[in-house]
Structure formats: C-alpha cells, structure tokens
Amino acid sequence: MHPHARKVPRRSVLASGAAVAVTAAVGTAARATPAAADAPSASGYVDVQLLSITDLHGYVAPPGASEGGTIPDPAGGAPTVTGGAAYLATHLKRLREGRANSLFFSAGDNFAGWAYYADVLNNESTIEVLNAMGLRFSSLGNHELDKGMDFTMNHMVRGRHYPYDAPFESFPLSTGRRFKGADWTYYSGNVVRTADGGQVLPSWNIEYVQAPGGRRLPVGFIHMTVEGAVAGPGFNCSYQPTLTTTDLVDSANRSAAELKARGVNALVVVMHEGGYAGDDYNAGSSPTGPAFDLAAKADPDIGVIVTGHWHCRFNMMVDDPNGVPRPVVEAGYYGQLLNETTIRLDARTGRIVRELTTSTNHAVTRDVPQDPEVADIVAYWTGKAAALDATPLARQTGDLTRAANASGESTLGNLVADFLVWDSTQYAEKGAARAPRPADLAVFPSKPPKARSALGGDLPYAKGAAAGDADGVILFGEAWKAYGFDSPNMSATYTGAAVHQALEQQWQTRADGSVGFFPLAVSDEVRYVYDTSQPVGSRVDPAKITVKGKPLDLEGSYRLATNAYTMLAYDGYDALTTYTDPVRHTLDHEGFVRYLRTRETVTPPPLNRATPA
C-alpha cells in the first residue's frame, strides 16, 4: 500500500459489499461498496479510468430511431436520443479530461453489419474515426470475421491492399492520404485454427499506467469472442470452416494465469459475449446469459468484466466465486453508450482494490457540440458513399427482376445462381484447401419457406431516379441492394442424392396441411423436370435431372455453390446441411458487385432450367 493511502477495512467493506451487490441487481448504481463513493477512500491509490464501447457496427453517423438511435426510459418517460461518432468523441474528451490514466477500448464488432454507407466503403470510415478517437485495442467480434481474418488483420489493421474488392477498396482517407489501417489491433484467446488448435490472435494485452515516483503499473486485458461465432448455427455471416472457438471460462482462466505469472496483478476481461439484465442501462435485474455465467465462475482475481454482442445495456455488480463483487457491464450498440469503469490500484502490488471500483454507463447524448474533427471525417465518408452509390457499374440488355414464372424461375434469380458458380472460381479463404474444382452447379432460394431471400431488389432496364442513371445502366448502389445480406458465398461437396433432395424440398407441407412452393434458382449447368401431380417428396424424377448435360448420379460427388445462410438451413432446405469440405468465398454483396463489373454487360438468362412435366 502507498504510504499515504487511507486504509480501507477489507473485512467490513466486503461484508457490506455483498448486500450492495444484491441491491445493484435491482437498480442502484454499480459500485463495489459504499467506500467506492467516498472520494477520500481512494486517496493514495492509483486511479485508472477504463472507457469502452461495443458493437458500433460502423454507425459513425447518428443512427435513426429505428436503427437504435434512442434509448428507452425504463420509467416510461421520453426516450433518450443517442449515437453518432462526433457526439461520442465529445463525451469521450470530457470524461478523459484531467485523468492521467485513461484507456479507451472496445469489446468488438466495431465494423461490419448494417450501416450501408460504411459497408460499401469496406468500413474504412470506421477505422479512421476510431483512430481519431484514440482507440487503444479491441476484442475480436464475430462480425469482424465476416470477411475473414485475412481481411481484418491485413487490410483493416495493417492497411495492406485487399485485391478481391478492387477497385472498391483502399479509399483515400479524409486527409487525402491513403488508407493505412488501424492504430490499434485485435485480440482473442478462444478463436483457434481447426487443423492444429493454434490461436489466430494473442489472448491478452498489457497496458501500463503511471504510478507515484515515476513507476509504471501493468493492467492486463483478457479477450474472448462469442463461442460458436465461426461454427455456423446462429452465425452465418462469420462462418469460418477453418476456425473454431473454445470455452470462454477456460480461456479467461488460462489468460489470467499467464498474466499473473508475468507479474500482472490487475486483470480485466473484455469479451465479445454478453447477456441480458433488464432495460435500465445503468443498473441490472434478473441477469442471464454467458457473461453472467462467466462472472460467477472465472478467476476471482479478475476485477472487471466488459461485455458486448447481445446489443443490451446493463451496469451491475456480480459476485465472483469468492463472493466479492466485480462490475459486469455492456454498453448497448451503435454508439448509444460509453462505459466508464474506475479502478484503483495498490501502488505497491498493482492489484485492483476491489472495494473502490465504480462503473457508469454514460448515454452518448446529442445535446453536446459535435467534435469538429470527427464530424468532418463522418461527413467525408457519408458523402463518398453517396457518390459511389450512383457510380455506373455495368450495362444490361434487359430487365433483371424477381418476377417469377410458373416454375419459380426469374431472370435475377437465375443470374445470381450463375454468379455463385463464377464466384467459386474466385477468392477462397486463407488457410482453406481450395475446392478441388469450381462448383459444378449452384442453387439459391428465390422464395424460401423461412426467413427471407437474399434477392433484395430488381434491376430493371429502364433508368431509375438517381442522378446520372440511364436506360440499361446498373449503378453500384442498385447492384449492392439487388443481392445479399452479408452472408458469405460458399462451395461444398454434396452427393447427387442431396442435390435431388434439395430440389424436392421446393415443395413443403405446411402445418395446416397445405403445400407451399418455395422455388430454388439453379445455375445454367442444371436442367430438371418436375411434376406437381405427384406427392410432395416425389415431384422431381432424379432420372430427369442433368448437370452439365449429364444425368445426375445419385451416388456421385458434386461441388455445389450457395450462400452460408442457405447451407446452414436458416431458410428451410435441410438437404443442404449435408455438406463436406466447405470453402468460403466472398461476401454476397461484394462478390456480386465484382461479378457485374467484370462482365461489363449482362443479358437476362432464359427461364428454361425447370420444366413442368
């Protein structure tokens, strides 16, 4: 203990802390003990401010109310309007003012997701904004895997050229300089390679803070990513066949042991996994979810647990395995909240004095001036996205629409199926064995029994309302919106029997006994005959299916292209889950844009691939 520190009576404070933790669970401020609110109690300790965000998802412009731009009032009053990186930067500066030891970091999902103006510019806007705000490090979120580790680490972090999106990548920064990547990096202790179990990123990082006498004390940050993020179910966007995830608690405890062995006694978990604890963003009630499971089990020397992923808002104290409270926090999404957790370190040992920990979720309100530097960056990128949206990409000789004939075929559906075969010849994920050959065929839901189709809009021949559009011109924005919802295009090996069964599953019996028709677009390599007078499950004669002009071999092996969403049966075609040797290619939007740009001119495919008996 520092010689001038005011001693906190540990036994009596922690006894009261147990009661405080229970109270915090139903709505009081998150502080470990009453002593944490007493400023003199902190005298002599090393004050460290931890500032964090989570799940920004590229929303650097103020999000609309329907995009999470408001926080509801748990008391039923008017919602609080929040979000916008320029407002976040102002709040951040105000909280940092006068604090010698302040660390700003993220619990992941900084980019990728749903902000159109960010996605179309490879989310480089997000990187420039977070650089300007001084982000120090981040846990790896599942959406940071949407385009793979190669893209995230080599392009987004290191600024290297990413050729698969050329020329729509490496845009100039708002300064006019070339995109150089992040001034910070990612960590995760539980994402490993499937082949050998090796980690793809470091598990932890150490930051040093100033202590009396010119000394520096280490603070260790332990990082994890949501379990299953790369395995498929629940995570089609970040599906990575070459990777897997390990247990969160085991990973946290292993990292804690490694840090303590290096003399690091202040430990903080930052993980892209969370939970739910009610609707009050500065309290918590009835907590549930993996974050709270970890809080009850993980190494009791961990003093703080910062979470994300669930897009929830809570701030509460939860007892560790020894009954000592520690904060467990989640700061919403899209820049709604900025969490401030204050820890005090013993100047001699570097340990967190747990009795003195406090935590607050600050609403990123818009009643403050925008930070001018960040506001200029945001305006630059949103303007650039608007210009790209209206950029001519390719020409078309006729309508490419979702309007289907009696067999369920449409010109846009058939074009996308043909694109998927082409895409299988392009980029394959790093670390994967490339497909032994390009896809033999593709299938793609144009009207699935569940969820929605990735066919998002038509491409009519007639010009649209955008400035600069003309008859027969496909604009970048039109192409982006016509196909895709951020799911990777995949190829995998299937038996001929699985191909046949997928075609049969276009007809499915509903709960009320009626039969629904849920057509699959097929690529130009496929022809088949169907007979709706036959029972469901027997409407496609396998002897009348051909692939590349040859009869389908039910026992044969075929490389089939589709997207991960369909391959994992989110949209209701169970036959397509029976794959082996999956290989991930591009994300849907980006690949389709590249396909049209490469072809330059596209002609509506004929509707002759499915024939009624």
Give, in nm to one decimal, the length gained when the segment between Ser514 and Ala465 is fully stretched (0.36 nm per residue of separation minus the Cα-Cα distance). 13.5 nm
Would you list which lysines come within 21 Å of Lys450, measuring only between C-alpha atoms, while excluding same-chain residues fewer than 8 positions from it? Lys481
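Taking every eigenvalue of the Cα gyration tensor of the chain, multiplying by 5 and rooting it, what semi-axes result, largest first, whole Å?
50, 26, 21
Of the listed pairs Lys93/Lys297; Lys384/Lys463; Lys430/Lys550; Lys180/Lys260, which have alpha-carbon separations greater than 31 Å here?
From Lys93/Lys297; Lys384/Lys463; Lys430/Lys550; Lys180/Lys260, over 31 Å: Lys93/Lys297; Lys430/Lys550; Lys180/Lys260.
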Can you tell me the accessible area per residue over the range 46-153, all protein chains present, probe 1.4 angstrom, in square angstrom? 26 Å²
With each pseudo-label sitting 7 Å past Cα toward Cβ, what's the Thr397-Ala78 distance in nm, one decimal? 6.0 nm
I need to check one value: relative contact order of the chain, counting alpha carbon pairs closer than 8 Å and at least 6 residues apart, in percent. 16 percent
When we measure straight from the Cα of Lys544, which lysines land under 25 angstrom away, once same-chain ones fewer than 8 places off are left out? Lys447
So, R0 is 22 Å and r is the distance between the beta-carbons of Val368 and Tyr208; what FRET efficiency does that work out to, to 0.05? 0.10
What is the gain in length, in nm to one decimal, between Lys430 and Ala166 on full extension, counting 0.36 nm per residue of separation less the C-alpha to C-alpha distance? 93.3 nm
Set Lys and Arg Cβ to +1 and Asp and Glu Cβ to -1, take the dipole of the chain about its Cα centre, and tell me which of Leu267, Val249, Asn339 lies farthest positive. Leu267
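How would you order 315-326, 452-463 from highest to lowest mean count of nearby Cβ atoms within 10 Å?
Numbers: 315-326: 20.5, 452-463: 17.1.
In descending order of packing, they fall as 315-326, 452-463.
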Over the range 103-201, what is the relative contact order in whole percent, taking alpha-carbon pairs under 8 Å and six or more residues apart? 28 percent
Each residue of the range 141-153 in order: what ³J(HN,Hα) in whole Hz does its phi give by Karplus 6.51 cos²θ - 1.76 cosθ + 1.60, θ = phi - 60°, with x for Gly and Pro? x, 5, 6, 6, 9, 4, 10, x, 5, 4, 5, 5, 7
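Please list, by residue number, every one of the trypsin sites (Lys or Arg not before Pro) in the range 165-258 that is coil in DSSP and has at most 16 other beta-carbon atoms within 10 Å.
Within the range 165-258, the qualifying trypsin sites (Lys or Arg not before Pro) (loop, at most 16 other Cβ atoms within 10 Å) are Arg177, Arg178, Lys180, Arg215.
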At a 1.4 Å probe radius, carbon and sulfur cover how many percent of the accessible area of the chain? 52 percent
Quick check: residue separation of Arg178 and Ser557 times 0.36 nm, minus the Cα distance between them. What number comes out in nm? 131.8 nm
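Write down the accessible area per residue of the range 339-497 in Å², having rolled a 1.4 Å probe over the full set of protein chains.
Computed with neighbouring chains in place, this is 37 Å² per residue.
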Sequence ranges 168-176, 69-77, 130-138, ranked by mean other-Cβ count within 10 angstrom, highest first: 130-138, 168-176, 69-77
Report the per residue volume, in Å³, of the convex hull enclosing the C-alpha atoms of the range 348-475. 325 Å³
Using packing as a proxy for protection, rank 605-612, 476-483 so that the peptide with the highest average count of other Cβ atoms within 10 Å comes first. 476-483, 605-612
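The values are calculated or read from the model by the stated rules, or taken from the named source; none is laboratory data. Just so you know, these numbers come straight off a predicted model, no measurement behind them. Ideal geometry is used to build each Cβ from the backbone, glycine not excepted, and the neighbour counts take in all protein chains shown. Quick note on the areas: whole protein, heavy atoms, side chains included, nothing else; ligands and nucleic acids left out. Shrake-Rupley method; radii C 1.70, N 1.55, O 1.52, S 1.80 Å.
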